[in-house]
1. Can you show me the helix-derived [θ] at 222 nm for the chain, built from DSSP H runs with n ≥ 4 at -39,500 (n - 2.57) apiece and divided by the number of residues, rounded to the nearest 500.
2. Net charge within 15 Å of Y13 by Cβ-Cβ distance, Lys/Arg positive one each and Asp/Glu negative one each, not counting Y13 itself?
3. Using the Cα centre of region 9-97 as origin and beta-carbon charges of +1 (Lys, Arg) and -1 (Asp, Glu), tell me which of S21, A66, F42 is placed farthest towards the positive end of the dipole.
4. Would you mind counting up the charge near L29? Only other residues with Cβ under 10 Å from its Cβ, with Lys and Arg at +1 and Asp and Glu at -1.
5. Using 0.36 nm per residue of separation minus the Cα-Cα distance, give me the extension gain between E81 and E69 in nm, one decimal.
6. Calculate the dipole size of region 33-78 relative to its Cα centre from +1 charges on Lys and Arg beta carbons and -1 charges on Asp and Glu beta carbons; express the result in debye to the nearest 20.
7. Please tell me the relative contact order of region 9-97 in percent, rounded to the nearest whole number, where contacts are Cα pairs under 8 Å and at least six residues apart.
8. What number comes out for the charge environment of G58, summing +1 per Lys or Arg and -1 per Asp or Glu over other residues with Cβ under 15 Å away?
Amino acid sequence: MNQRRYDRVRVEYSASFSGRSYRAPGVVLNLSMFGCRARAAFLVNPDEYLGLLIHIPGSEHPLYVARAEVRWLEGEEVGMEFIHMELADRQRLSALIRAIEGVPEQKEDKGSSS
């Protein structure tokens, strides 16, 4: 059984994919800290590397995944693992997933004894 290290959250965000010789639109259907499922109307191959811009509603700048590896294909859907993201984008992704899951920001204070 293939187990993921992180759960994925359901989304529907427009995205731009870039390969060696193309740019194409698509839709991200779910996200985790280390990958996503997307719908793409263009041909990709397993083990191909793509760049990815994920357009988050209400956000001025898209999330940028510099390098994502195609892990599987199923019709027009593709599963990708995020291989390289800048730290700031990784932190934005983490905050976005926490917000979708309804998890409050973690605080250092674990409780005080009064």
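Each reported figure results from applying straightforward, stated rules to the coordinates on display, with no laboratory input. Being a predicted model, the structure only gives us computed values, none of them experimental. We place every Cβ from the backbone using ideal geometry, glycine too, and count neighbours over all the protein chains shown.
1. -4500 deg cm²/dmol
2. Net charge around Y13: +1.
3. Going by the Cα projections, it comes out as A66.
4. Spelling it out: positives minus negatives among the neighbours equals +2.
5. Difference between extended and current length: 3.8 nm.
6. 100
7. About 26 percent, as a whole number.
8. Values: positive: R92; negative: E12, E60.
Taking every other residue near G58 into account, the sum is -1.
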